[in-house]
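Read through the structure below, which is laid out as structure tokens, and then see the notes.
The values are calculated or read from the model by the stated rules, or taken from the named source; none is laboratory data. All values reported here derive from a predicted model rather than from experimental measurement. Cβ placement follows ideal geometry from the backbone for every residue including glycine, while neighbour counts extend to all protein chains displayed.
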Amino acid sequence: MTAQNNPDELNRRIIELQVEHRDLDQIIATLEAQTGRDDLQIRRLKKRKLQIKDAVTLLQIQLEPDIPA
């Protein structure tokens, strides 16, 4: 069984990504509340947050057994 197919490894990676996603939420909220904020930086952080969400979804799909149609 490879690391990519190991459920424990997939779960660990999902948790890491979820923590990073929550951290980005807090950072973005803090930056948006500031005056003179860097909108480009905020857009980049939001894009990274979306990439993380997509990665979590893909990993969760790998954990689910194949369900016949």
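Tabulated values for the structure
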{"item": "Filter pass, Ile28 being at pLDDT 95 or above and more than 13 Å from the chain's Cα centre (by Cα)", "result": "yes"}
{"item": "Residue list for the stretch 2-49, restricted to those being farther than 30 Å from Leu63 by Cα, part of a loop (DSSP other than H, G, I, E, B) and not basic (Lys, Arg)", "result": "Gln34, Thr35, Gly36, Asp38"}
{"item": "The one condition in (1) in contact (Cβ under 8 Å) with a residue 40 or more places away in the chain; (2) loosely packed, with under 12 Cβ neighbours inside 10 Å that Val56 fails to fulfil", "result": "(2)"}
{"item": "Filtered residues of the stretch 21-69 (kept if among the acidic types (Asp, Glu) and more than 26 Å from Asn11 (Cβ to Cβ))", "result": "Glu32, Asp38, Asp39"}
{"item": "Cβ pairs under 6 Å, 6+ apart, first in the stretch 18-38 and closer than 11 Å to Lys53 by Cβ, second among the hydrophobic types (A, V, I, L, M, F, W, C) and part of a helix (DSSP H, G or I)", "result": "Glu20/Ile52; His21/Ile52; Leu24/Leu45"}
